[in-house]
Structures are given as structure tokens and as C-alpha cells.
Amino acid sequence: MGLKFLIIAEKPTAGLKIAQHLSNYLNSDFEECKFEYKGTTITYYTVGDRIFVVPLEGHVIDVKLRRGTDYPRFEWEIGLKKKRGEKGDNLRREARFKLLKQLSKDAVVIGATDNDEEGEVMLYYTARALGLELENLPRMRFVELTYEEITRAYERALNGEKLDMGMAMAGHYRHLSDLFVGINVSALLSKSAVNHGSNQQIMFHLGRVKIPLLRKLKQERTEIMKEPEIREDKEAKKESDSEPEYVVKVYVDFYGLRFVDEIKAEPDEIPEIFSSEWKARVIDVKEEEEDVEPIREVYNTNGILEEVKKHGINPIKAQNEILEYLYQNEYISYPRTPSTKLPRHIDFKRRIEEMSKQIDWIDPDDFIEKIPDELLVEETEKHAGIYPIRVPPSTLPPDYLITWELIARKFFTALAKPAKRKKTIVTIKVYRDGLEFGEVEAEFWEYSYLGWMKYDNEFHSSEFTPDVKVGEEVKVKLSIDTRELYGGYTGSLSIRKEIGEIKRRDIGELLRWMERVKLGTEATRVEHIAELRKHGYIEGEDKVAITTIGQKIAEICENLIPIDLKDTREMYEHMNILKHHPELIAKIIEIVKEKVVKIYENVNVDEVGKELNNLGNCPNCGKPCKLVYFNGRYYIGCSGYPDCKFLLSIS
């Protein structure tokens, strides 16, 4: 019967594509199969009788802290991912793992998750739970879900491409850091709140990324009914003390007025200046031709999310829905990437020719023959940027089509030939009463070949070069300016009132800041913002603002819990070390543990609890208010409950 293979994909669509492409490549039958388990059904695929393709649908296996009562907790284990309130999803994860265990018993397992740290660690956790030999796990690595890319990745996996333990350990370290910081700090806040009157059920959902993000969104405290600022200026003048100054400006009228020089003059000198004999003529005409190069790069995740925002598309929808759809249906390459480069092994010339058959104004001759090295991914790099694969149908929703077009235009611009422009410099000399007065240069730009300018999404313009010869006469024009002529003024009274405002942050601006300070990854930044909204710490869609409970947490973290961007930068340094030295994982994780232990040693739980519950008095009965939590929401509630039922939502 021969050797069997189990291919583990990351998502159902990817699993389906892999199975279909391998079926065509191996000339074997493709079949969609069902696995029944405890009332739930899992879909997987077979190619012939030797290849099984099972999609994970995200993390099935994850790292989690072991149960315990004492914090901080650091004992971790790898096991089935289970989330409170997700009974159906938890059962599907259990069923998938049951299927994987069953199929992996007598098969060679090949990983085919997404090509990033998250995909690598997802495969690492799954393979570890299945008891596989991690260092020699075959790995399909692809940036597209096309036939050519999937079959190439399959052959490379059979011929020695392995799980990248450096990327896996970098991802594992990030997961553990998030766990150690998030769960322990959240537990610290919960304990503090309960000690000062909050209900036992209170929970916080914080982490290494969310805390600095909340601090960034923190509002300045608003002072209610702030006293107006009154300023009086009682000094008054009937007329100005300054004397006017007269200036004669000299221009040549050569396809528009062009300034030559100016002459400061007393009023009685001006008639003489105007009565002088003014002449001007062309003394030189130079022509130069130059290439105008485009910016040769494609979009990375943050780049395209920033761009779609300018076109009215919500970045969260763009990442979670639009880009995923375009990728899974082979219209674009993998969209969660930090890179702005192209993979070396793909024939982009052929791709452009194919797309030009559907978009008739695209000319294959507009593109360079050889892609420069600086635009190509190095062999040691795992990521490539986002680029188009084929043209989507016009029946897709407008926001999907706009997103694809932006990606395509950036790609075409990066590969197009330079524009060519002719620069003509005309030198004009000005004479006053036969003597040289000054000269001016007039520059004209004319494009002889548009090149990349046809393809980007910017506006371009140029002017046509006039037909001009040396010795040609040019008109001179004069004008008079009066400077420093100010009138008198009366005294003044100003009354300034300062009223607070809710400052909203544009999500695109927030994503740019997160990229700049290395907070989160391309794959998770949008999700962190969505999580803050889900738990009631921020509100809003395209523009977000911090809520009352988010503000309270941000202030406590800023003043009492020492977690900031320095820790995030340090984490990324550690991740880069682990990519090259995965054997250092245990040593680097100890550094994170020490930081969390120091937080617990130095934070005053009593002070945190008091601040969390410093919410004033009940407007109904006058008793102190407390922070209350139920049904996943935060409220200001009266400590006199149940006698007083005052409740105000703050999330």
C-alpha cells in the first residue's frame, strides 16, 4: 500500500486547496470525508489512499498555565485549547485532535500551516501533543495557495524542508510571555479588587501588548467646570509707530511671472526705477533627460491596512475578512507579513502577462526584465510581501475589489520601468539701463514615457516644454510692495474656557504606532484592538476611545504596575535571538519569570485595590461605590446592594 502522509493545514480553505492541487499534481482521486465525534462533524480530505489533509481551524493545541491557587504561576503545559463560554468550539477542537491522533499513528506527518511565527508554533504545539519528533518534522512552506506554490512546497517537504525550530521557539516564547504577564497581572488586579469590595467573579483580560496599548489610549483627566482664564490688554494706540518700507519687485513674464530680485526704495526713488529701460532675453537653453525610479516595494500587512483606511475600509474587516478571502481564493499572496519584498522563485513576468489579458490597458512591455535584488527575499528569510496572483471577478463586493486593486497597483509600480522625463532649463538675464541686473532660471518638465506612473494610485502632472531659442526677448514687469504698515489698535479682553473632550484614535494611526514601537505582530495587532473592544476597555469602530474602566486600568498600570514598551522591545530582541539560537529558550523564559516576580514583590495590592474601587459615592444613597463585574461587563455599583440597586455601566 506504501507510505501514508498526514498533512496538517491551518485553515479549512487552505486544507481544501492543498488537497485539490495535490490531487491534480499526483493524478489521484480527491475526496471530502467526514469524521463524527460526540455529535460534531469534522471535514477532512484524502488524495488517493495515501494522503490525508486535516485543517486545524486555528490553534487546536495551545500552551496554558497549570491550575493552582497561588500567583504568580509559571508551571505550563501543552494541551487542548479550551475557552470559557465556547462549548461548541472546544468540542470541535477535541474532535480535530482525536482525528489527528488516529491518522498520525502510521503516517508521516507534514506541517502546512501559514508561513509565519504563529503558523510555526501552531505546528510545534500540535506535533508535540501528537508525540512526534519535532526536529525532523517535514514542513510545507508557501506564500500562495496556487497549484505551482503548493506542489513546490510539497516536493520541498519530501526533500528535506523541516520545521524551523528557531521560528517555533520565538513563537513559543511570545506565547509564554503573554501567558506569564497576562494571567498573572490580570489575577493581581482581580485579587486587589476583591479585597476592596468587588464581587468574587471579577476578571480582567490584560497582557503584555494590551497594557501598553491602553496606556497609549489613556485620556487626560477632565476637570469639571474649570474656572475661565481671563486676559486683559489695556494698552491702546491710535496709530502705528512703525514706518512703511517700499520695495520694487522685478519679474520676467515667461510662461508665468518669475521673480528675479527686489529693490528697496524711498517713495521719491520709485518713479526713477519705473522709468528705467528694462530688458530681458534668453541667454541659455539646456536639455537633460533622466529616469524617475518608483519606490520598489510591495505592501506588508500594516502598509495595506493603512492604505485601505484612506479608501473608507475598516482595517479590522480588511484583515479578518477581506485579505483572508482574497488569499484563500488565490487572488493575493499570504497577507500577514512584515516583508515588502517578493519571493525569488515565482515567474512574475508570466503573472503580469496573464493579468494583462483581463486588464487591457496593462502593457507587459512596461515592466523591467530583471527584478533587482533589493526587491527580492533573501534565501534566509521566510516572509514575502503581499502581491496579486490573478484578477478577481467584478462581482465581488466593492471593498474587496478596492483592496485587491491597491495591492495590485503597488505591485505593478514596484516592477514597472522608470518614467522618463525631459528637463529643460531656460536661463534669462535681466538688464536695467544696459547694465546686468540679475538672472533667473525657468525649469520645464515633460514626460516622454510614463512607466510606473501609469500604475500607482497617485495623481501626476507635468507641463509641455515651450519652443524657445537663445536671444529671444522676454518682458520685464515691476510691482510695488509696502511692508510693515500696521495701524493702531484698542485694548482687548479674552475669556478662555477649557472643556474636556473625548479623544478618538484612528485605527490606522494606532496600527502605525504599534508597528513603529514593535508592539504585537502583523498577524495579531488588529486582534489586540478587537480584544480590547470585546472586553469593554475601548469603544468605537474606525476611531476608538478608551472607556471609563479602560481609563482606570491604564492609570493604575501606568502608576503602579511597571509594564511598558521597553519590555516589548526587549521581547522582540529575545525573539530574534531565539530564531538563530532556539536552544536558549529556557534561559530567556527565566528572564520573563523574574520580571513578573518583581512586579508581585513591588506592587502594593492594597493600593491597587483602593484605586480600582475609588469610584465616589452612590448618587442614590450616599454609600461608597464599588467596581462590579458580571456577564462580561464592568459596572459602578453601590456597596449597599441589595438595599440599593444603583448600577452604571463603564465598559
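The values are calculated or read from the model by the stated rules, or taken from the named source; none is laboratory data. As the structure is a prediction and not an experimental result, all values here were calculated from the model. All Cβ positions, glycine included, derive from the backbone under ideal geometry; neighbour counts span all protein chains shown. Ligands, DNA and RNA are stripped out before the accessible areas are found, and what is left, the full protein with its side chains, is counted by its heavy atoms. Shrake-Rupley method; radii C 1.70, N 1.55, O 1.52, S 1.80 Å.
Please note which strands (runs of 3 or more DSSP E) are completely contained in the stretch 1-87 and include at least 2 residues that are open to solvent by 40 Å² or more (accessible area, probe 1.4 Å).
Numbers: elements: 5-9, 30-37, 40-47, 51-55, 61-65, 76-80.
Result: 30-37, 76-80.
Taken over the stretch 54-77, the residue count meeting the criterion of being among the charged types (D, E, K, R) and closer than 21 Å to Ala112 by Cβ is 2.
Note on the stretch 568-587: residues that are among the polar types (S, T, N, Q) and either farther than 26 Å from Arg215 by Cα or open to solvent by 60 Å² or more (accessible area, probe 1.4 Å) (or both) total 1. Applying the condition of being among the charged types (D, E, K, R) and in contact (Cβ under 8 Å) with a residue 60 or more places away in the chain to the stretch 103-117 and asking which residue is nearest to Ala9 (Cα to Cα) yields Asp114. Of the residues making up the stretch 108-127, not a single one is open to solvent by 50 Å² or more (accessible area, probe 1.4 Å), out of contact with any Ser or Thr (no Cβ under 9 Å at 6 or more places or on another chain) and in a helix (DSSP H, G or I).
Note on the stretch 513-534: among residues that are of a type outside the set (Val, Ile, Thr) and touching a strand residue (DSSP E or B) at 6+ places or on another chain (Cβ under 9 Å), the one that is nearest to Glu570 (Cα to Cα) is Trp513.
Filtered by the rule that a residue be modelled with pLDDT under 95 and open to solvent by 50 Å² or more (accessible area, probe 1.4 Å), the stretch 402-432 gives Lys420, Arg421, Lys422.
Being open to solvent by 40 Å² or more (accessible area, probe 1.4 Å), among the basic types (Lys, Arg) and not in a helix (DSSP H, G or I) is a condition met by at least one residue of the stretch 612-631.
Mind checking which residues of the stretch 277-336 are farther than 22 Å from Glu541 by Cβ, assigned to a loop (DSSP other than H, G, I, E, B) and either open to solvent by 10 Å² or more (accessible area, probe 1.4 Å) or of a type in the set (A, V, I, L, M) (or both)? Walk me through how you get there before you give the answer.
Within the stretch 277-336, the first condition is being farther than 22 Å from Glu541 by Cβ, and the residues that meet it are 277-300, 327-334.
From what's left, assigned to a loop (DSSP other than H, G, I, E, B): 277, 293-298, 300, 329-331, 333-334.
The answer is Glu277, Glu293, Pro294, Ile295, Arg296, Glu297, Val298, Asn300, Asn329, Glu330, Tyr331, Tyr334.
Modelled with pLDDT of 95 or more and of a type in the set (Val, Ile, Thr) - does that describe any residue in the stretch 29-40? No: zero hits. Cβ-Cβ contacts under 6 Å between residues 6 or more apart (or on different chains), taken from a first residue in the stretch 588-604 that is under 17 Å from Ser190 (Cα atoms) and open to solvent by less than 50 Å² (accessible area, probe 1.4 Å) to a second residue that is part of a helix (DSSP H, G or I) and not hydrophobic (A, V, I, L, M, F, W, C), are listed as Val596/Asn184. Within the stretch 170-218, the set of residues being closer than 23 Å to Gly119 by Cβ, open to solvent by less than 10 Å² (accessible area, probe 1.4 Å) and among the aliphatic types (A, V, I, L, M) comprises Ala170, Leu176, Val209.
Can you find a residue in the stretch 265-276 that is in a helix (DSSP H, G or I), in contact with a helix residue (DSSP H, G or I) (Cβ under 7 Å, 6 or more places away or on another chain) and of a type in the set (S, T, N, Q)? There is no residue in the stretch 265-276 that is in a helix (DSSP H, G or I), in contact with a helix residue (DSSP H, G or I) (Cβ under 7 Å, 6 or more places away or on another chain) and of a type in the set (S, T, N, Q).
The residue of the stretch 372-383 that is most open to solvent (accessible area, probe 1.4 Å), among those that are in a loop (DSSP other than H, G, I, E, B) and either at pLDDT 95 or above or in contact with an Asp or Glu (Cβ under 9 Å, 6 or more places away or on another chain) (or both), is Lys382.
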